[in-house]
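Presented below is the structure to which this report refers.
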Amino acid sequence: MKIDSSYTPLSLAILGLVSLGPQSGYGLRKTFSTTPMGHFSASPGAIYPALRRLEQAGLIRGAIEKKNTLRPRKTYSMTEQGLKTLKRRLAAAITRHDIVWRLEELILRFAFTGEILGRTRSIDFLEELSSQIAQYVPDLREHVTIQRELGNVNGAYALEQGIAKYEATDRWARRVAKELTEV
């Protein structure tokens with residue numbers, strides 16, 4: 001079954017975590033609330049519906065554990081279809097749109113790429129990320145010039161902050177790619 005446009009970074013995070021081993025909704029909530037992944041959501045109002053959607057799509061499979069207790073627990077495992085979908089998602093080409101609108105999701109993709117697709121693909125991913133940033137930053141610099149010419153000094157400074165963020169991400173990507181190559 002194909003994932004529709006409602007496929008979110010939260011869904012990607014859940015698929016990535018479930019691919020590493022079975023997870024309960026509570027375990028996922030704990031991961032999101034106690035790690036830097038928390039900005040994807042620690043809310044049960046987001047996590048449990050995402051789990052249901054992923055299960056309905058056939059990407060994960062839930063199984064009830066401890067059925068005869070007061071607190072039965074549902075644990076989710078990755079299906080073959082789910083793993084294929086996750087691999088496709090992780091291996092997808094990085095686009096300008098991703099650079100502009102989904103930079104955090106790209107870093108999330110990278111976080112799971114090594115475990116799921118291997119070191120070589122991780123290096124390729126970082127090189128692709130660096131290349132896309134290198135193509136985008138000159139366009140941003142042109143906008144800085146335009147903003148300055150229009151007298152919008154604060155707008156120019158704001159764009160410079162964005163450029164600095166991209167350049168930092170680019171330096172990080174090149175450094176990590178180099179380190180992974182040397183391993």
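What follows is calculated from the coordinates using simple rules that are stated; it is not laboratory data. Quantities reported herein were computed from a predicted structural model and do not represent experimental measurements. Glycine gets a Cβ as well: all are built from the backbone with ideal geometry, and neighbour counts include every protein chain shown.
Per-residue Cβ neighbour counts within 10 Å put V137, V153, V18 in the sequence V153, V137, V18, beginning with the fewest. If you wrap the Cα atoms of the stretch 1-154 in a convex hull and average its projected area over all directions, you get 11.5 nm².
Counting neighbouring beta carbons within 10 Å and listing from fewest to most, the residues R71, R121, R88, R109 come out as R71, R88, R121, R109.
The angle separating the long axis of helix 44-56 from the principal Cα axis of greatest extent in the chain is about 70 degrees. The coefficient of translational diffusion for the stretch 9-91, derived via Stokes-Einstein from the alpha carbon Kirkwood radius under 10 °C and 1.306 mPa s, stands at 124 µm²/s. The order of F40, F112, going from fewest to most other C-beta atoms within 10 Å of their C-beta, is F112, F40.
Summing Lys and Arg as +1 and Asp and Glu as -1 over all other residues whose Cβ lies under 10 Å from the Cβ of F40 gives a net charge of -2.
Computed over the stretch 128-182, the range of Cα coordinates on each principal axis works out to 47, 16, 9 Å, biggest value leading.
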